[in-house]
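Q: This is the structure, below, for whatever I ask next.
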Amino acid sequence: MTVTRRAATLPVSFFERSADIVARELLGTLVVSTVAGRRTSGRIVETEAYLGRDDPASHGYRDRRHAQNESLYGPPGSWYVYLSYGMHWCANLVCGPPGHASAVLLRALEPVEGLAIMRRRRAGVADRQLCAGPGRLCQALGITRMLDGRLMRRSDVTVRNTESPPEIVASPRIGITKAADWPLRFVVRGSLWASRAPRE
């Protein structure tokens, strides 16, 4: 596992761009959680971009706005956290112009700090499975709906830039049925921590 270094939290301007660009450039950055006073962190190795009103797989497709997705229409650099299949929290960072409803889903992390805490939260699964999937990483980092709508820079879960961009593989998104062939899933090439190895 990678050694962590001090680094600056990503600025709002980082997220004021298209979600597909942000999704690529989030790879290699560090997510740091201090939820409940317990510090855990992981390096982002897998993301997916959702492009808003013109993306059939987006929660904001055709501007279908409602109470559950309201945070998706918030300012860039804010969190959108939703419940998947009634069981798993999924964490997204809002991108682009306010109101466009585009975001990047965090799909997998390489654990860096607080592994003992992650293991307790994840009920003793193998380390390889601690953060390999959007619901798993939220559980490992203590992310719940309480984070929804909060500005990332002022929240208990921040994203920090720590290293040069890694080599990236783009592939179709997974776990969806609409626009599933769009190549908007991004993975650090060769990472052992991705939720599923991309086809190259």
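The values are calculated or read from the model by the stated rules, or taken from the named source; none is laboratory data. As the structure is a prediction and not an experimental result, all values here were calculated from the model. Every residue, glycine among them, receives a Cβ derived from its backbone with ideal geometry; neighbour counts consider all protein chains shown.
Q: Quick one: how many residues across the stretch 19-41 are outside any helix (DSSP H, G or I) and loosely packed, with under 15 Cβ neighbours inside 10 Å?
A: Final tally of qualifying residues: 1.
Q: Something else about it: Given 93, 72, which one is surrounded by 15 or more Cβ atoms within 10 Å (Cβ to Cβ), among the hydrophobic types (A, V, I, L, M, F, W, C), assigned to a strand (DSSP E or B) and touching a residue at least 24 places away in the same chain (Cβ under 8 Å)?
A: The match here is 93.
Q: Something else: Output the residues belonging to the stretch 51-61 that are out of contact with any His (no Cβ under 6 Å at 6 or more places or on another chain) and either of a type outside the set (Phe, Trp, Tyr) or closer than 12 Å to residue 174 by Cα (or both).
A: 51, 53, 54, 55, 56, 57, 58, 59, 60
Q: Only residues that are surrounded by fewer than 15 Cβ atoms within 10 Å (Cβ to Cβ), modelled with pLDDT of 95 or more and either in a loop (DSSP other than H, G, I, E, B) or basic (Lys, Arg) (or both): list them for the stretch 96-122, please.
A: 120
Q: Hey, can you tell me all the residues within the stretch 45-64 that are under 14 Å from residue 103 (Cβ atoms) and outside any helix (DSSP H, G or I)?
A: If the condition is that a residue be under 14 Å from residue 103 (Cβ atoms) and outside any helix (DSSP H, G or I), then 47, 48, 49, 50, 51, 55, 57, 58, 59, 60 are the ones that fit.
Q: I'm trying to understand the selection: among the residues of the stretch 137-188, which are charged (D, E, K, R), surrounded by fewer than 16 Cβ atoms within 10 Å (Cβ to Cβ), at pLDDT 95 or above and over 19 Å from residue 59 (Cα atoms)?
A: Scanning the stretch 137-188 gives 153, 154.
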